[in-house]
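Novice: Below is a structure I'd like to ask you about.
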2 protein chains.
Amino acid sequence: MGRSTSRLANDAWEALLTAHAVLIKQMAATEVWNELSMREYDVLYTLSKCPEPVRARELTRHVLLSQPALSRMVDRLIGRGFIARDPDPADGRGVLLSLTEPGRAIQRRVGGRHAVDIACLVRDRLDPAELRTLEELCHKLATDDNEETS
Amino acid sequence: MGRSTSRLANDAWEALLTAHAVLIKQMAATEVWNELSMREYDVLYTLSKCPEPVRARELTRHVLLSQPALSRMVDRLIGRGFIARDPDPADGRGVLLSLTEPGRAIQRRVGGRHAVDIACLVRDRLDPAELRTLEELCHKLATDDNEETS
DNA sequence: TTGAGATAGATGCAAACGCATGGATATACG
DNA sequence: CGTATATCCATGCGTTTGCATCTATCTCAA
């Protein structure tokens with residue numbers, strides 16, 4: 001008590017930032033990322049959760065990359081045969097991105113190994129109830145107010 | 001209920017990752033970063049919390065940058081007059097980094113504006129009790145087990 | 001229908017990154 | 001004391017990033 005709401009918000013954000021940095025560093029140190037960098041995995045993982053092909057613009061919103069950076073990363077992932085890019089029949093400007101079978105396979109393989117690391121790093125520090133609470137709070141935090149009306 | 005602990009851990013981590021990405025993107029879109037990029041601010045902010053000069057190695061641990069990337073960022077920040085680099089009298093290999101007065105000034109200025117953004121983005125979504133809980137859970141998460149014995 | 005403005009994605013280019021490595025100093029051990 | 005090994009930071013180099021900009025397409029109003 002005594003801390004203003006603003007101070008509380010900043011302290012919580014800094015704690016989240018620190019937790020993110022610490023865990024990312026520890027995860028980056030594992031042997032999981034030999035065939036796929038974390039950023040590349042992030043793109044494939046996001047795609048893997050989309051039942052249908054997605055617009056590149058949509059992907060940019062969910063991945064921490066600028067639009068040109070994503071565009072070129074897509075080029076590279078296409079070159080490696082992991083994703084496909086097709087014109088959007090509903091919008092001549094847009095492209096639709098989707099995982100190929102090899103792309104889905106490598107995402108599953110890397111994702112499986114990564115999930116083990118996550119569990120090892122997180123399980124020792126938070127119990128199930130805390131994990132659920134953290135998940136709920138982060139979901140609230142991630143609520144994009146401009147996205148609700150869609 | 002029904003989700004295994006591993007599943008819980010992965011879901012919580014994904015939620016944290018998403019919250020981080022969403023908020024970072026929204027913060028990056030503000031006018032705060034004209035004179036200092038977020039990564040540069042991160043370095044200056046970390047330095048600002050150190051009462052004494054810090055070793056570069058120590059800074060690398062707290063900032064999400066590789067050692068060479070930090071080394072060069074330090075070069076640039078020195079060139080702009082924001083930080084100072086001196087040899088460590090206790091260890092001929094090491095360097096000690098510290099904020100200069102202009103560096104402290106710009107960190108305070110940018111930090112002040114940034115804090116307003118943080119408060120605006122976070123306050124609407126979590127109440128004070130939730131903020132405190134989130135901070136506590138993130139602190140637990142960030143506990144580096146290899147750092148306790150120092 | 002057409003012309004102005006908005007939006008999607010690609011590309012040129014300089015800046016910044018990570019990996020591998022090098023030179024210098026500290027530490028451990030015979 | 002001397003040599004092997006580890007640690008710290010800087011630098012070479014190829015890759016990736018972000019900013020600005022370009023082209024193409026869509027939207028909407030006159």
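The values are calculated or read from the model by the stated rules, or taken from the named source; none is laboratory data. The structure displayed is predicted, hence computed values, not measured ones. Neighbour counts run over all protein chains shown; Cβ positions are idealised from the backbone, glycine included. Note: accessible area is taken over every heavy atom of the protein model, side chains too, but ligands, DNA and RNA are not part of it. Shrake-Rupley method; radii C 1.70, N 1.55, O 1.52, S 1.80 Å.
Novice: Among the candidates B:71, B:98, single out the residue that is hydroxyl-bearing (Ser, Thr, Tyr) and not in a strand (DSSP E or B).
Specialist: Exactly one residue qualifies, and that residue is B:71.
Novice: Could you go through the stretch B:93-108 and let me know if any residue there is open to solvent by less than 50 Å² (accessible area, probe 1.4 Å), within 15 Å of the chain's Cα centre (by Cα) and within 16 Å of DNA strand C (Cβ to nearest atom).
Specialist: The answer is no, given that none of the residues of the stretch B:93-108 is open to solvent by less than 50 Å² (accessible area, probe 1.4 Å), within 15 Å of the chain's Cα centre (by Cα) and within 16 Å of DNA strand C (Cβ to nearest atom).
Novice: All but one of (1) over 30 Å from residue A:38 (Cα atoms); (2) open to solvent by 30 Å² or more (accessible area, probe 1.4 Å) hold for residue B:121, so report the exception by its number.
Specialist: With (1) over 30 Å from residue A:38 (Cα atoms); (2) open to solvent by 30 Å² or more (accessible area, probe 1.4 Å) applied to residue B:121, the lone miss is (1).
Listed here are the residues, each with its yes/no results for (1) open to solvent by 50 Å² or more (accessible area, probe 1.4 Å); (2) over 30 Å from residue B:127 (Cβ atoms).
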| position | (1), (2) |
| --- | --- |
| A:5 | yes, no |
| A:8 | no, no |
| A:11 | no, no |
| A:16 | no, no |
| A:21 | no, no |
| A:30 | no, yes |
| A:35 | yes, yes |
| A:38 | yes, yes |
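Novice: Mind counting the residues in the stretch A:16-55 that are closer than 20 Å to residue B:42 by Cβ and hydroxyl-bearing (Ser, Thr, Tyr)?
Specialist: 1
Novice: Identify all residues within the stretch B:134-143 that are more than 23 Å from residue B:25 (Cβ to Cβ) and either surrounded by 18 or more Cβ atoms within 10 Å (Cβ to Cβ) or more than 7 Å from chain A (Cβ to nearest Cβ) (or both); write none if there are none.
Specialist: Residue satisfying the conditions is B:136 alone.
Novice: Given A:56, A:84, A:21, A:90, which one is within 14 Å of another protein chain (Cβ to nearest Cβ), among the hydrophobic types (A, V, I, L, M, F, W, C) and out of contact with any Pro (no Cβ under 7 Å at 6 or more places or on another chain)?
Specialist: Step by step, each of A:56, A:84, A:21, A:90 is checked, and only A:21 is within 14 Å of another protein chain (Cβ to nearest Cβ), among the hydrophobic types (A, V, I, L, M, F, W, C) and out of contact with any Pro (no Cβ under 7 Å at 6 or more places or on another chain).
Novice: Just to be sure before I move on: is residue A:94 more than 10 Å from DNA strand D (Cβ to nearest atom) and of a type in the set (Gly, Ala, Ser) in the structure I sent?
Specialist: In short, no.
Novice: Which one of B:129, B:84 is open to solvent by less than 80 Å² (accessible area, probe 1.4 Å) and in a helix (DSSP H, G or I)?
Specialist: After ruling out the rest, the residue left standing is B:129.
Novice: Something else: Pick from the stretch B:65-80 the residues that are within 25 Å of residue A:18 (Cβ to Cβ) and open to solvent by 80 Å² or more (accessible area, probe 1.4 Å): which of them is farthest from DNA strand D (Cβ to nearest atom)?
Specialist: So the residue we want is B:76.
Novice: Hey, another quick one. Residue B:83 is checked against (1) without any contact (Cβ under 8 Å) to a residue 12 or more places away in the chain; (2) within 16 Å of DNA strand D (Cβ to nearest atom) and fails just one. What number does that condition carry?
Specialist: In the conditions (1) without any contact (Cβ under 8 Å) to a residue 12 or more places away in the chain; (2) within 16 Å of DNA strand D (Cβ to nearest atom), residue B:83 misses (1) alone.
Novice: Considering the stretch A:27-60 alone, what residues qualify as being in contact with an Asp or Glu (Cβ under 8 Å, 6 or more places away or on another chain) and away from DNA strand D (no atom under 15 Å from the Cβ)?
Specialist: A:27, A:30, A:32, A:53
Novice: Which residues, counting only those in the stretch A:42-58, are part of a helix (DSSP H, G or I) and either near DNA strand C (Cβ under 8 Å from one of its atoms) or touching a residue at least 60 places away in the same chain (Cβ under 8 Å) (or both)?
Specialist: Hits for the stretch A:42-58 are A:44, A:45, A:47, A:48, A:56, A:57, A:58.
Novice: Which residue, of B:122, B:110, is within 23 Å of residue B:12 (Cα to Cα), part of a helix (DSSP H, G or I) and in contact (Cβ under 8 Å) with a residue 24 or more places away in the chain?
Specialist: Going through B:122, B:110 in turn, the sole match is B:122.
Novice: Could you list all residues from the stretch A:64-73 that are within 12 Å of DNA strand C (Cβ to nearest atom), in contact (Cβ under 8 Å) with a residue 12 or more places away in the chain and under 15 Å from the mean Cα position of the chain (by Cα)?
Specialist: Selection gives A:65, A:70, A:73.
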